[in-house]
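The structure under discussion appears below in the form of structure tokens.
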Amino acid sequence: MTSTRLMIAALFAAAACGQGEAVSRPAAAAVAAAQDSGRRETAVFAGGCFWSVEANFEAMPGVVSAVSGFAGGRTNNPTYDQVVRGGTGHLEAVQVTYDPARISYRQLVDRFWRTIDPTDAAGQFCDRGAPYGTAVFATTAQAPAANASRAAAVAVIGSARFVTPVRAAARFWPAESYHQDFARRNPARYGGYSRFCGRGARLRAVWGAQAGA
């Protein structure tokens, strides 16, 4: 992500995190394909580092794809460097394409909360600054389910602490190809980055037994 984050990830290049999950993917993909209805809908989430958001959603049955990119800003077709330097207004985000016959939009939003720290207004984990803010970008049709899910999550954490908003849908711009499927293509590097940033420990501190990956 930032140059600092890439250096951190490189330091942990020998880590083994993610190898076990990669082994199970072909079988999971075969089951998903057999049950695929052919219907497609999309949802957009900003949860800090898009590597992590993408990886979390790709593991869910019913999710067809997850693409890293940017949403919520003012610049057309922004580059990664432009976004992380600041000034474009974009958040790192992920566009999730899913089969609504296999998983609902509400289930996606419910999952999203448990994979972020919605009490942190300044970024996520070791990624700090405005581009790493959090949000659910919801269409008019999606907004009722998104807000109902948020209300349920707020009831767990408390309204005074919960800062992640549901925002109106915004144009999604895919990031450069080298960011796509980063966790899957670089499991050791991603595993080292995730552990260094303390994702698991922080999620457990916020959500307890409900914490996601």
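Can you give the local net charge around Pro118? Use residues other than it whose beta-carbon is closer than 12 angstrom to its beta-carbon, Lys and Arg +1, Asp and Glu -1.
Summing Lys/Arg as +1 and Asp/Glu as -1 gives +2.
Indicate the gyration tensor shape class of segment 34-81 (rounded, prolate or oblate), computed on the Cα atoms with a ≥ b ≥ c the square roots of the eigenvalues: a/c under 1.5 is rounded; otherwise a/b larger than b/c is prolate and the rest oblate.
Cα axes put segment 34-81 in the prolate bin.
Can you pull a Stokes-Einstein diffusion coefficient for segment 35-127 at 37 °C (0.692 mPa s), Rh from Kirkwood over Cα pairs, as a whole number of µm²/s?
So the translational diffusion coefficient is about 236 µm²/s.
Report, in debye and to the nearest 20, how large the dipole of segment 65-213 comes out about its Cα centre when Lys and Arg carry +1 and Asp and Glu carry -1 on their Cβ.
Dipole of segment 65-213, to the nearest 20 debye: 260 debye.
Once fully extended, how much extra length lies between Ala121 and Arg40, figured as 0.36 nm per residue of separation less the alpha-carbon to alpha-carbon distance?
26.0 nm is the gain from fully extending Ala121 to Arg40.
May I ask for the distance between the Cα centers of segment 135-177 and segment 49-81, given as a whole number of Å?
15 Å
So what is the relative contact order of segment 86-206, in percent, for Cα pairs below 8 Å that sit 6 or more residues apart?
29 percent
Suppose every K and R has +1 on its Cβ and every D and E has -1 on its Cβ; what is the size of the dipole of segment 167-213 about the Cα centre, in Debye to the nearest 20?
Charge dipole of segment 167-213: 120 debye, to the nearest 20.
Which translational diffusion coefficient, to the nearest whole µm²/s, is obtained for segment 98-213 from the Stokes-Einstein equation, given a Kirkwood hydrodynamic radius over C-alpha pairs, 10 °C and 1.306 mPa s?
Approximately 102 µm²/s, per Stokes-Einstein.
Quote the accessible area belonging to Tyr190 in square angstrom, nearest 10, computed with a 1.4 Å probe and with ligands, DNA and RNA left uncounted.
Rounded to the nearest 10, the figure is 30 Å².
The values are calculated or read from the model by the stated rules, or taken from the named source; none is laboratory data. Nothing here was measured: the structure is a model prediction, and the numbers come from that model. Neighbour counts are summed over all protein chains in view; Cβ atoms, including those assigned to glycine, are modelled from backbone coordinates with ideal geometry. Surface accessibility is based on the protein's heavy atoms, side chains included, excluding ligands, DNA and RNA. Shrake-Rupley method; radii C 1.70, N 1.55, O 1.52, S 1.80 Å.
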